[in-house]
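Enquirer: Dumping the structure here so I can ask a few things about it.
Readers should treat all values here as calculations from the given coordinates under stated rules, not as data from a laboratory. Since this is a predicted model, take the numbers as computed values, not measurements. All Cβ positions, glycine included, derive from the backbone under ideal geometry; neighbour counts span all protein chains shown.
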Amino acid sequence: MGVRANDLVLLITPLNLPASPLHLLVEASMFWNRPGKLWLEGDTLVAELPSQTIRAYPTQPPVREPNTPARAPFLAFVLDQEIGLSTGTPRTLDEIRAIVQSRQAEHLARQARYGDLAEVYAAMQSCMGWDTIYEPEKDRVVTPVSRMWNNTWGGYVLFCWDTYFAALMAALDNRELAYSNAIEITREKTEDGFVPNFAATGDLKSRDRSQPPVGALVVREIYRRYRETWFVRQVFDDLLTWNRWWDARRQIAPGWLAWGSQPFAPRRAARVETEATNRWQGAAFESGLDNSPMYDDVPFDSERHLMLLADVGLTALYVSDCECLAALAETLGRAAEAAELRARQAVYAQGLRALWSEEHGIFLNKRLDTGQFSRRLSPTHFYPLLTDVPTPQQARRMVEEHFYNPDEFWGEWMLPSIARNDSAYPEQRYWRGKVWAPMNYLVYLGLRKHGLKDACRDLAEKSAALLLREWRAHGHVHENYTCTTGWGCDKPDSDRFYHWGGLLGLIALTEAGYMDE
């Protein structure tokens, strides 16, 4: 029997039956206070909506269950066998089984397209699917980082670079969801012109700070895959405004950017609006690396609203942002904006070159309170590879002396968020040593840009292995992973179904060529 696009078909299969039978309750409700009527009509639940009437048909008769706390019409069943439920038209249990089996076969066939990486694909997309919601406040479909975070924030919360990465993961095979996430997080731009660190229920936003500028990079990657200029046109002007904001508000010296947090008038007097504003912690939150040892003891200038550190990672991401946005401008025929962006790219590329340390063979952060380079290394020190700034010789030194250095980044589980020989590494607490998928992904893109094929392959293989270890054991896709053990569950500071953990899989899928199809 055919299934219409809006039909819901459910098959409930009890796996373990206790001695005393359980009851299955099927309750009808109207979400978000939408208009409509609900009632029970014999063995059928009925929902009368302004535009249609929906009936839900079970495959077996309900039983009387007077003790349920349900507050709306419901059906109750003894759950001692398979039960089917469908809308649109009555169906037998065999018909429902056939529909479910057909859809399962289609799903498995989609996975099989990815060959040896089918399980990697399944992990990434399962987490994306679970985290994707309909958000009624702005009538949209988006993918917040996890359902747990949504509950904590009172409905939903979108984080900046997290949501752009969700768009990129969706782009593998769900163009519409990729577009929706990229467009909606860009639309959260504040009145000052930047995409905020967070945007949550009731117009609650971090109006003091942004997050790493990966928007143009993600949009360019999605455009390369689908080649639809309307999408670029939809987000370009907001991305350009954001790009200009970094130059105007976060330039700490010519060609150098620093993380910051500026004061603003709170809209809701919420704690998250005030607790870190115009403080060191607000700037650290803007970095996305909330407690990174790179920023320990770095002063914060509350008059300039900036951390006193010329940041390699931020400056490199900004050079990349200018490059990607200029390419998008050329796609749209925006020659003046492309020229503006190329000029700004050149200024910050020159600044980035000045952060190269010939002695250490890598680009280093520079303390502006002391004028000295900081030797605390994290994967952000590889971000210059996202640009054309490193020479071939410099790129090779970065990889040979640091990426493959077992005292710093190389190892069974990688990349650590601070070098293994850093005094903070043993803590393995959040950004103090744990492995974070977005760092791996950005480093991978940089290695790929410079044609460092062996390092690309090695990082892809190790990232996939890390993802699959916890996925196979527990079905989890973690926010972060302990670098010393390769597990996500052995520390309390790691959400178990946080979508950007799937970037570990996207690295492997990209390396295998699936993002180029």
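Enquirer: If I model a spin label at Arg244 and Asp173 as a point 7 Å from the Cα along the Cα→Cβ vector, what separation in nanometres do I get?
Expert: 4.2
Enquirer: Sticking with this structure for a sec: Given bins 5 angstrom wide, list per bin the percent of all Cα-Cα distances in region 141-234, short to long.
Expert: Going out from 0 Å in 5 Å bins, region 141-234 shows 3, 15, 26, 25, 17, 10, 4, 0 percent.
Enquirer: Hey, what angle do you get for helix 335-353 against the long axis of the chain, alpha-carbon based, 0 to 90 degrees rounded to 10?
Expert: 60
Enquirer: Turning to a different aspect of this structure: If you wrap a convex hull around the Cα atoms of region 450-517, how much volume per residue is inside, in Å³?
Expert: For region 450-517, the hull spanned by Cα atoms encloses 99 Å³ per residue.
Enquirer: With only alpha-carbon atoms counted, please give the Rg and Dmax of region 333-381, in Å.
Expert: Here Rg and the maximum Cα pair distance are 14.7, 45 Å.
Enquirer: Starting from the alpha-carbon convex hull of region 69-226, give the projected area averaged over all orientations, in nm².
Expert: 13.5
Enquirer: Tell me the Kirkwood hydrodynamic radius of region 9-109 in angstroms, computed as one over the mean inverse distance between distinct C-alpha pairs.
Expert: Answer for region 9-109: a Kirkwood hydrodynamic radius of 15.0 Å.
Enquirer: Calculated from DSSP H runs of 4 or more alone, at -39500 (n - 2.57) each and per residue, what is the 222 nm mean residue ellipticity of the chain, nearest 500?
Expert: -12500 deg cm²/dmol
Enquirer: Okay, next question. Quick check: net charge around Ile185, other residues with Cβ under 13 Å of its Cβ, Lys/Arg +1 and Asp/Glu -1?
Expert: Result for the local shell: 0.
Enquirer: Something else: Normalised by the number of residues in region 9-109, what is the relative contact order in percent for Cα pairs under 8 Å and 6+ residues apart?
Expert: 35
Enquirer: Another question, then. Determine the relative contact order of the chain: mean sequence separation of Cα pairs under 8 Å and six or more apart, normalised by residue count, in whole percent.
Expert: Once divided by the residue count of the chain, the mean separation gives 11 percent.
Enquirer: Give me the angle, in degrees from 0 to 90, between the Cα long axis of helix 229-249 and the longest principal axis of the Cα atoms of the chain, rounded to the nearest 10.
Expert: 40
Enquirer: Something else: Could you let me know the centre-to-centre spacing of region 230-293 and region 346-392, using Cα atoms, in angstrom?
Expert: 21
Enquirer: Any idea what the dipole of region 9-109 comes to, in debye rounded to 20, about its Cα centre with Lys/Arg Cβ at +1 and Asp/Glu Cβ at -1?
Expert: 280
Enquirer: Right, next: Tell me the angle of helix 160-170 to the major Cα principal axis of the chain, expressed in degrees between 0 and 90 and rounded to the nearest ten.
Expert: Approximately 60 degrees, to the nearest 10.
Enquirer: Please report, to one decimal in angstroms, the Kirkwood hydrodynamic radius of the chain built from all distinct Cα-Cα pairs.
Expert: Result for the chain, one decimal place: 24.9 Å.
Enquirer: Shifting gears a bit: How about region 230-333: which GluC sites (Glu not before Pro) there lie in a loop by DSSP and see at most 16 other Cβ atoms within 10 Å?
Expert: Within region 230-333, the qualifying GluC sites (Glu not before Pro) (loop, at most 16 other Cβ atoms within 10 Å) are Glu275, Glu303.
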